[in-house]
Amino acid sequence: FYIPVLWAVDQGIPTGTSATMFSPMLKMSRAQLVTVLYRLDGQAMSPAAVPFGDLSQSWYKAAVAWAYDNGIVNGTSATAFSPDGDLTREQTATILYRYCKYKGYDVSASTDISSFPDAGKVGSYATEAIKWACAEGLLTGKPSGNVTILDPLGTATRSEVATILMRFCGKF
């Protein structure tokens, strides 16, 4: 993950956890990914009122409002976004897929994911996005013993998200 982390630091997305640390193995939160996409989009202010009562930090409120207003994210319930919740790999793919749709990018690519032994664990809401992310080479699976898995419910680390974003920005 060294090259993607260097790329992320150079791009400022995501920023480091301090002036001198990136913390590549830390878990990425839902608010952090939304904030990254908000920055990529030029930090356009969103006039939307969000139905989420759990947005307590000012650093991500505008980003969540923008993402919600543009159909990029939903909450984890009707009234909660869970900004500090661990970002899963399937959530990462789904948020990027919706971001591409918002930007008007072609999201028609799809591939069969049945070769991954844990493909059946992909949530129904994320299936189309996971197939798209795999077809685009954004998600390539990860080793688990002697097989490669999707790990859709696994938490995405900062280094994994940096890798996915580097691939994403190289394509779109």
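The values are calculated or read from the model by the stated rules, or taken from the named source; none is laboratory data. None of the values given here were measured: they were computed from a predicted structure. Note that each Cβ is placed from the backbone with ideal geometry, even for glycine, and that neighbours are counted across all protein chains shown. Side chains included, ligands, DNA and RNA excluded: accessible areas come from the protein's heavy atoms. Shrake-Rupley method; radii C 1.70, N 1.55, O 1.52, S 1.80 Å.
Pull out the extension gain between Cys169 and Ala135, defined as 0.36 nm times the separation in residues minus the alpha carbon to alpha carbon distance; nm, one decimal.
Working: separation 34, 0.36 × 34 = 12.24 nm, distance 1.53 nm.
Separation in residues times 0.36 nm, less the Cα-Cα distance, equals 10.7 nm.
How much net charge surrounds Tyr38 when only the other residues with a Cβ under 12 Å from the Cβ of Tyr38 are counted, with Lys and Arg +1 and Asp and Glu -1?
Numbers: positive: Arg39, Lys61; negative: Asp41, Asp69.
Charge balance in the 12 Å sphere: 0.
HN-Hα J couplings of the range 155-164 from phi, Karplus 6.51/-1.76/1.60, θ = phi - 60°, integer Hz, Gly and Pro as x?
3J(HN,Hα) across the range 155-164, in whole Hz: 6, 7, 8, 4, 6, 5, 5, 4, 5, 4.
Got a number for carbon plus sulfur as a percent of the range 82-172's accessible area, 1.4 Å probe?
Values: 1890 of 4030 Å².
Taking all protein chains in place, the range 82-172 shows 47 percent carbon and sulfur surface.
Multiply the residue gap between Glu128 and Gln43 by 0.36 nm, knock off their C-alpha separation, and tell me the result in nm, one decimal place. It would help to have the intermediate numbers written out before the result.
Details: separation 85, 0.36 × 85 = 30.60 nm, distance 2.73 nm.
Separation in residues times 0.36 nm, less the Cα-Cα distance, equals 27.9 nm.
Ordering Ser115, Ser144 from largest to smallest accessible area (1.4 angstrom probe), what's the sequence? Show your work: numbers first, answer last.
Working: Ser115 100, Ser144 55 Å².
Largest accessible area first, the list is Ser115, Ser144.
Using a simple spin-label model with points 7 Å from Cα along the Cα→Cβ vector, what separation in nm is obtained for Asp69 and Leu26?
My value for the distance between the label points is 2.8 nm.
Lysines within cross-link reach of Lys131: Cα-Cα under 20 Å, excluding same-chain residues under 8 positions apart?
Lys101, Lys103, Lys121, Lys142, Lys171
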